[in-house]
Amino acid sequence: MILPTLFSRARRPARLAILLACLAAPSLSQAAPQPPAATAVQGSADMHAREALASETLRYLQARDYKGLEALYQKIRGSGQRTPSGIWKQAQFYNQLRGFGQWSTDAAYWDTVQGQAKAWQKQYPKSVPARLFEAYMLIKRAEANRGSGYYDTLTEKQRRDLSQGSAAAMRVLEETQALAAKADDPEWHRAMLKVLPLTSQFTQERYQKKIGAAMARHPNYHEAYFTAAGYSMAHWGGAPDAVEQLAQDLNNVGGKEQGAMYARLYWYMDQSAYKGKIFEVSQADWPTMRASFEALVAQYPDPWNLNAYAYFACLANDVGAMAPVLARLGQQIDLRAWGENGAATHARCATSTLADPQFDSKQAAARKVRLRRLLTETMQHAAAQRGRKEYREELETLHKAEELDRAMGWVSMPVQYKLARAFFTLKRYEETVSAITAGLPAQADYTDAYWMRGQALEALGRKDEAREDFDKGARYLRKVLPGAWAGLNASQRANVAEMQRKFLEYGFETPTFPAD
């Protein structure tokens, strides 16, 4: 039986222009990109600022000094309070609140921690950080009780603990929303983006709306979008281009750091998920990232950011971009910014001094590879949506696949057939006909296409045209079925039987074979 070919030899000029600059299961730690400080340049002002703030916050937490915590919060809150590299001090403060406590299943221990959160709120009833501290401890307790196994391996108690804990954390966030809005505290959005995926309310559609709400209020609060990127990935049901779309949206949404957010997001994702293979496994586009780093270091010319710029330029084999940044850094090399094997990576990169004369053509080839990979992943995502009977979502995903198809300069039958099938399921028969008609020049002998279009024509009352399609489908099936039958699986054989019944209704016989 002939199967549809994904990359057709019959190419057409792309009719839909789409800009695909790029993309990408991270661990879901929301600390800013920050490997162990032991490898850092001694005397780094940025490192000292972060470490001092973390130490002060933790000291107050451990001492239950809520007055000290509140005073520190008031001192470092707001978008103007940054470390030299541009990291929000407010986010660093909240990192300590979020990371507080042991990974324990001891109920008495967690009751004590929850009591600490309540004591803070009692002393400061309108405190936003006190309430977010409670939410973070509730979700941490729930995650500790859940354990690290796959969901289908969890006990009923583990599932119940996760459900109840995440619901309790969500209630705290909902009760805190008005206070956080009045205080203009962006951490509330980050907390929501952390808690929602662990609740029974989670869907990707709902999650993307929460991301949009955060962006509308606080487009440059890095940590919220580091969290969002992690939970937008495929193993959380996210679209294959979700991280790339988030990076592009953040880069263009406005705010003080417009233009720099693409680099920040992918920098985090490389450290948390891609581990130095950002340009092999994600849709990140180096020209876009390079421009974004230029915007970042223009605003925050700290060695931490410059080291990251040089590191990513090296990963992209862009010696022309890397060399002047290394020269600018001089001896201010911070190996924390050079990936997991910082010293080895830096040593290798530092010896690359000659620009590749074929760099531009290699970048163009790499973009085509990413495009093909994204198309494959998009088709797989659509199939998963269909399996869950999310037919409207499937159709939306297949429209993206169609754009990708055309961007590569052709129209392929797999995309058009699955698009037609989605239209047919939704009883959009005219569009079913159009999709199959668009795909047939790429694969004119695909039996299933005539069967699908014939059914749509039949539903539209155009039975003479349907008969023509069923006749063609039956002729192609008679030709290929004898040689293909033995290799078909049970599902494919059932599909053939369904086609044969329809063809026979119109008087077109096809060969039959006994079941094995």
| query | Which FRET efficiency value, to the nearest 0.05, is calculated for A490 and R217 with the Förster distance at 41 angstrom and r the Cβ-Cβ distance? | reply | 0.20
| query | Counting pairs of alpha carbon atoms under 8 Å apart in space and at least six apart in sequence, what relative contact order in percent does segment 305-384 give? | reply | 29 percent
| query | So for the pair Q81, A497, with labels modelled 7 Å out along Cα→Cβ, what separation do we get in nm? | reply | 6.9 nm
| note | Long-range amide H partners of R82, meaning residues 5 or more apart or on another chain whose placed amide H is closer than 5 Å, are K89
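Report the charge-dipole magnitude of segment 369-505 in Debye, nearest 20, computed about the Cα centre from +1 at each Lys and Arg Cβ and -1 at each Asp and Glu Cβ.
Details: 24 positive and 20 negative charges, 70 e Å.
Dipole size: approximately 340 debye.
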| query | When you count, for each residue, the other Cβ atoms within 10 Å and take the mean per peptide, how do 359-365, 395-401, 245-251, 297-303 rank with the highest first? | reply | 245-251, 395-401, 297-303, 359-365
| said: Full-extension gain between R428 and L58, please, as 0.36 nm times their residue separation minus the C-alpha to C-alpha distance. | reply: 127.3 nm
| message | Run the simple label-point estimate for R475 and K389 please: 7 Å along Cα→C-beta, distance reported in nm. | response | 3.9 nm
| request: Choose one of A52, Q358, L69: the residue whose Cα lies farthest towards the positive end of the charge dipole of the chain (beta-carbon charges +1 Lys, Arg; -1 Asp, Glu; about the Cα centre). | output: L69
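For A298 and A350 in one chain, what is 0.36 nm times their gap in residues minus the Cα-Cα distance, to one decimal in nm?
Numbers: separation 52, 0.36 × 52 = 18.72 nm, distance 2.28 nm.
Separation in residues times 0.36 nm, less the Cα-Cα distance, equals 16.4 nm.
Starting from 0.36 nm per residue, how many nanometres of slack lie between D464 and Q332 once their C-alpha separation is accounted for?
Numbers: separation 132, 0.36 × 132 = 47.52 nm, distance 7.69 nm.
That works out to 39.8 nm of additional length.
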| request: Find the centroid of the Cα atoms in segment 444-485 and in segment 58-128, then give the distance between the two in whole Å. | output: 66 Å
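Applying a 10 Å radius around every beta-carbon, put 148-155, 181-188 in order of their mean neighbour count, most first.
Highest to lowest by the protection proxy: 181-188, 148-155.
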| Is the shape of segment 153-297 rounded, prolate or oblate, going by the alpha carbon gyration tensor and its root eigenvalues a ≥ b ≥ c, with a/c under 1.5 for rounded and a/b larger than b/c for prolate? | oblate
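Could you order peptides 490-500, 430-440 by the average number of other Cβ atoms within 10 Å of their residues, highest first?
Details: 490-500: 14.5, 430-440: 20.8.
Sorting 490-500, 430-440 by mean packing, highest first, produces 430-440, 490-500.
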| query | Using modelled backbone amide H atoms (1.01 Å from N, in-plane), which distant-in-sequence or interchain residues come within less than 5 Å of W410's amide H? | reply | R12
| field | Under 20 Å from K140, Cα to Cα: lysines that are on another chain or at least 8 residues apart | value | K118, K157, K194
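Which net charge results when you count Lys and Arg as +1 and Asp and Glu as -1 among the other residues whose beta-carbon is under 13 Å from that of Y309? Can you show the working numbers first?
On the way: positive: R264, R290, R328; negative: D270, E294, D302, D318, D334.
Local charge sum for Y309: -2.
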| request: Mind putting a number on the dipole of the chain about its Cα centre? Charges go on the C-beta only, +1 for Lys and Arg and -1 for Asp and Glu, and I need it in Debye to the nearest 20. | output: 420 debye
| What's the lysine pair count for segment 369-505 at a Cα cut-off below 21 Å, pairs eight or more apart or interchain? | 14
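Any read-out appearing in this document is the output of simple, stated calculations on the displayed coordinates, not a laboratory observation. Just so it is clear, the model here is predicted, and its values are computed rather than measured. Neighbour counts are summed over all protein chains in view; Cβ atoms, including those assigned to glycine, are modelled from backbone coordinates with ideal geometry.
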